[in-house]
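Note sheet for the following structure.
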Amino acid sequence: MMGFIHMTSQVIFSTSPFCAAATPALGAAYGTAKSGTGIAAMSVMRPELIMKSIIPVVMAGIIAIYGLVVAVLIANNISEKVTLYKSFLHLGAGLSVGLSGLAAGFAIGIVGDAGVRGTAQQPRLFVGMILILIFAEVLGLYGLIVALILSTK
């Protein structure tokens, strides 16, 4: 029975870095692609605003870095003797940063697309877009904080 539990904890443990790295990267990719289409559409009308409109793409990329940090922390804790409890903590950390990063990437992409297009027509919308992007980024930051707490427990 103990061999089965040890093997099970290793299987659970091995999926944790994947959850931590791949899922936020999917959110970041979506955010980058969605914001990029807004930037491309906006650049036809107002090419001088392209550099100012890169902010959503940068913020989406930061989400992937959150996942990479947690994946490295989890992967550095790999050892022969991993308890089932520790495995579930690491899985929770990976899912925490992963799902919150996915949600944050989606939010940044949608806000970035609409915000960049709106800013091209009405420049006063820029500050509001940045504030909403910050609130979307904080979703990923919350997941990072929870993941750090779980992975260092």
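Just so it is clear, none of the values below were taken in a lab; they were calculated from the coordinates. It should be emphasised that the depicted structure is a prediction, and the values quoted were computed from it without experimental measurement. For neighbour counting, all protein chains shown are included, and Cβ atoms are generated from backbone atoms with ideal geometry for every residue, glycine included.
Residues in segment 105-124 that are assigned to a helix (DSSP H, G or I) and polar (S, T, N, Q) were compared, and the one that is surrounded by the fewest Cβ atoms within 10 Å (Cβ to Cβ) is Gln121. Selection of segment 138-153 for residues being surrounded by fewer than 20 Cβ atoms within 10 Å (Cβ to Cβ) and part of a helix (DSSP H, G or I) yields Val138, Leu141, Tyr142, Ile145, Val146, Leu148, Ile149.
Of all residues in segment 73-95, those being within 13 Å of Thr15 (Cα to Cα) and either without any contact (Cβ under 8 Å) to a residue 12 or more places away in the chain or buried (at least 24 other Cβ atoms within 10 Å of the Cβ) (or both) number 4.
Quick check: anything in segment 87-103 of a type in the set (A, V, I, L, M, F, W, C) and not in a helix (DSSP H, G or I)? No, segment 87-103 has no match at all. Every listed requirement among (1) touching a residue at least 12 places away in the same chain (Cβ under 8 Å); (2) surrounded by fewer than 24 Cβ atoms within 10 Å (Cβ to Cβ); (3) within 11 Å of the chain's Cα centre (by Cα) is met by Leu102 save one, (2).
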